[in-house]
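Novice: Let me give you the structure first, and then I'll get to my questions.
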């Protein structure tokens, strides 16, 4: 059975119209009708009845529609599995990471893996936090570094390390005189945070709500460095991840511990059904070994 014709049939059923389905599929109604007729000829039955208001399913069409969804899902899963097998043959490992993780791990993390595993080619990229889980679940990447909390039964979740979070203020801000703050001290303060696509955004909002107020977020950035830049310009103050900001400029700025703050948690994730693939096992083993040698620097 031609999968393309089955997809077209499903779209016609969903739209109830050859013309609408053809527009959605970017083909001509005549081409779509030809595909449906080919499907009917293959099965030896009539699937659709044309009416002045569109099309309706025959009993045979209704039967096929019940099977079409699962068949197409299984087909996509098959294509995904074949793709993974071909990638394994070519030695390709696709890795995605939340922004900041590779910065903390250091360039040697990637370079050493490639030198120790000459048969494996790394394809790696960074995303805002929430996209990492989505990309892994969609099968676009094999393994990733995501930010907690992560709860999904489809994923293997391996905690790796965490970092403290602190308050970033400019030096003549009233809070700069304190050696320790609490989230209650941030009430009414203009906050500069990463956007809602980063886990830290919602974690800060939740801690402010616990303290009895809504966070006064005046600007959402697309990266950690911009929080430093805007704070230095005295546009507001920010909550930062200590390890990510270690090598950023602190001129005119002060970092203050937050007594009731949270930690920024890094987890390695992959689909449960892929966790035993050879190259993913190698990556997990290498990552855990690398981190065990970096414990004094990364774990606190």
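Novice: To the nearest 0.05, how large is the calculated FRET efficiency for residue 51 and residue 138 if R₀ is 45 Å and r is the Cβ-Cβ distance?
Specialist: 0.75
Novice: I've got another one for you. For 220, 270, 13, what ranking results if the residue with the fewest other Cβ atoms within 10 Å of its Cβ goes first?
Specialist: 220, 13, 270
Novice: Of all DSSP beta bridges located in segment 163-263, what percent are antiparallel, nearest 5?
Specialist: The antiparallel fraction comes to roughly 60 percent.
Novice: Assuming a viscosity of 0.692 mPa s and a temperature of 37 °C, what translational diffusion coefficient in µm² per second does Stokes-Einstein assign to the chain, Rh being the Kirkwood radius over Cα pairs?
Specialist: For these conditions, the coefficient is 142 µm²/s.
Novice: For the chain, take the longest principal axis of its alpha carbons; what is the angle in degrees between that and the long axis of helix 59-90, to the nearest 10 within 0 to 90?
Specialist: 50
Novice: On to the next question. Taking the Cα atoms only, what angle lies between the long axis of helix 199-210 and the longest principal axis of the chain, rounded to 10 degrees?
Specialist: 60
Novice: Write down the percent of antiparallel bridges among all DSSP beta bridges whose residues are both part of the chain, to the nearest 5.
Specialist: Taking every DSSP beta bridge within the chain, about 60 percent pair in antiparallel fashion.
Novice: Find the centroid of the Cα atoms in segment 236-257 and in segment 14-40, then give the distance between the two in whole Å.
Specialist: With segment 236-257 and segment 14-40 each reduced to a Cα centre, they are spaced 58 Å.
Novice: Work out, step by step, the length gained on full extension between residue 67 and residue 28: first 0.36 nm times the residue separation, then minus their alpha carbon distance; give nm to one decimal.
Specialist: So the chain would gain 11.5 nm between residue 67 and residue 28.
Novice: Seen from all sides and averaged, what is the projected area of the convex hull of the Cα atoms in segment 3-87, in nm²?
Specialist: For segment 3-87, averaging the hull's shadow over all directions gives 6.1 nm².
Novice: Show that you can apply the helix-only estimate: for the chain, add -39,500 (n - 2.57) for every DSSP H stretch of four or more residues, divide by all residues, and state [θ] at 222 nm to the nearest 500.
Specialist: So the helix-based figure for the chain works out to -14000 deg cm²/dmol.
Novice: Let me have the relative contact order for the chain, percent, based on Cα pairs under 8 Å that are six or more residues apart.
Specialist: 20
Novice: I've got another one for you. Return one number: the angle in degrees, 0 to 90 and rounded to the nearest 10, between the long axis of the Cα atoms of helix 3-15 and the longest principal axis of the Cα atoms of the chain.
Specialist: Helix 3-15 and the main axis of the chain meet at about 80 degrees.
Novice: What FRET efficiency, computed as 1/(1 + (r/R0)^6) with R0 = 22 Å and r the Cβ-Cβ distance, is obtained for residue 288 and residue 114, rounded to the nearest 0.05?
Specialist: Approximately 0.80, to the nearest 0.05.
Novice: Extension gain residue 263-residue 234, at 0.36 nm per residue separation less the Cα-Cα distance, in nm?
Specialist: 7.9 nm
Any read-out appearing in this document is the output of simple, stated calculations on the displayed coordinates, not a laboratory observation. On a predicted model such as this, the values are computed, not experimentally measured, just so you know. Using ideal geometry, Cβ is built from the backbone for each residue, glycine included, and neighbour counts are taken over all protein chains shown.
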